[in-house]
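K.L.:
Just passing along the structure, written as structure tokens.
The values are calculated or read from the model by the stated rules, or taken from the named source; none is laboratory data. Given the structure is predicted, the values throughout are model-derived calculations rather than measurements. In this analysis, Cβ positions are derived from the backbone assuming ideal geometry, glycine residues included, and neighbour counts consider all displayed protein chains. Accessible surface areas use protein heavy atoms only, side chains included; no ligands, DNA or RNA. Shrake-Rupley method; radii C 1.70, N 1.55, O 1.52, S 1.80 Å.
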Amino acid sequence: MEQLFLEQKATIERAAACLCRRYGFSREEIEDFTQHVLAKIWADDCAVLRKYQGRSSLTTYLATVVQRALQDYVNSLWGKWRPSAEARRLGQLAVDLETLLMRDRMGFGEACQTLRSRGVTATDAELSAIAARLPQRSPRRMDGTYEIERGGAWAAGGARRLAAGSAPRAEPAAAGSADELLRGKEIERRRQAAMQALKAALGELPVQDRLIVKMFGEVSIAEIARMFELDQKALYKRKDKILRRLREALESAGVSAEDVADILGHVDT
């Protein structure tokens, strides 16, 4: 186990650095957490490594371990995340939205997509209205301040604009535009069907492929390759293969490229 730990040390360090960037950690903060997670994996004669059962690649297993350790680490420094009283009053949807925006530092669009992947049917305009009623709670930095550095998914300025009600939202339909209203309902129905099909397709992917898909757009291909110790050129081909597989799954579910283009063309900025 000690030899395996030494062999995987660089993998653990890459995973820690990659995941810490989402929280806007400084170099010193990344180093602190990296030492923390290395000590955690080393503890009790490398108990974490001994629990590995081979259900996924070791690199994927370690990335999951690091991700969970980071959430615990953040909770220990900043206190466990708790939703605001206003979010609790508004209901579970508001709690979930606030958690994604504030605890997980997602952008508004990403939070909406995440909620819909869980089966939420609320529109962007409805979610925007909920977000506007939530209190301003910028995630804390390690030094106790509330500044969100570049790289945080939801900047403080965006939070203020959202709370002020100036977030992008759907324009109300003009009086008498019954055709537009029906059109909007049809697009929403198709969007929900597409999201359900996509969720099912993602569930069919291997664990590591799902992790890679989640990193698209947030982490460069080069960083993903380093994190999972993959050949970068091969990863580009693997990315294309994953996306092709998802496209084929959507088409099998009756979702065409034209449907997706039409849906995206009606999504708020």
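K.L.:
For the range 198-240, what are the residues that are touching a residue at least 40 places away in the same chain (Cβ under 8 Å), among the small types (Gly, Ala, Ser) and surrounded by fewer than 16 Cβ atoms within 10 Å (Cβ to Cβ)?
P.N.:
Passing the criteria: only Ala200.
K.L.:
Residues that are not in a helix (DSSP H, G or I) and not aliphatic (A, V, I, L, M): does the range 60-69 have at least one?
P.N.:
No, the range 60-69 contains no residue that is not in a helix (DSSP H, G or I) and not aliphatic (A, V, I, L, M).
K.L.:
Here's something else I'd like to know. State all residues of the range 28-82 that are open to solvent by 30 Å² or more (accessible area, probe 1.4 Å), of a type in the set (Gly, Ala, Ser) and under 25 Å from the mean Cα position of the chain (by Cα); if no residue qualifies, say none.
P.N.:
Correct list: Ser56, Ser57, Ser76, Gly79.
K.L.:
Checking Arg189 against (1) closer than 30 Å to Ala87 by Cα; (2) open to solvent by 90 Å² or more (accessible area, probe 1.4 Å); (3) modelled with pLDDT under 75: exactly one of these is not met. Which one?
P.N.:
With respect to (1) closer than 30 Å to Ala87 by Cα; (2) open to solvent by 90 Å² or more (accessible area, probe 1.4 Å); (3) modelled with pLDDT under 75, Arg189 is out only on (3).
K.L.:
Pairs, please: C-beta under 7 Å, at least 6 apart or cross-chain, first residue outside any helix (DSSP H, G or I) and in the range 241-261, second hydrophobic (A, V, I, L, M, F, W, C)?
P.N.:
Every condition considered, the pairs that remain are Ala253/Ala197; Val255/Ala193; Val255/Ala194; Val255/Ala197.
K.L.:
Take the residues in the range 1-27 that are among the aliphatic types (A, V, I, L, M) and buried (at least 17 other Cβ atoms within 10 Å of the Cβ); name whichever of them is farthest from the chain's Cα centre (by Cα).
P.N.:
So the residue we want is Ile12.
K.L.:
Residues being open to solvent by 10 Å² or more (accessible area, probe 1.4 Å) and not in a helix (DSSP H, G or I): count how many of those fall in the range 92-121.
P.N.:
Adding up the residues that qualify gives 7.
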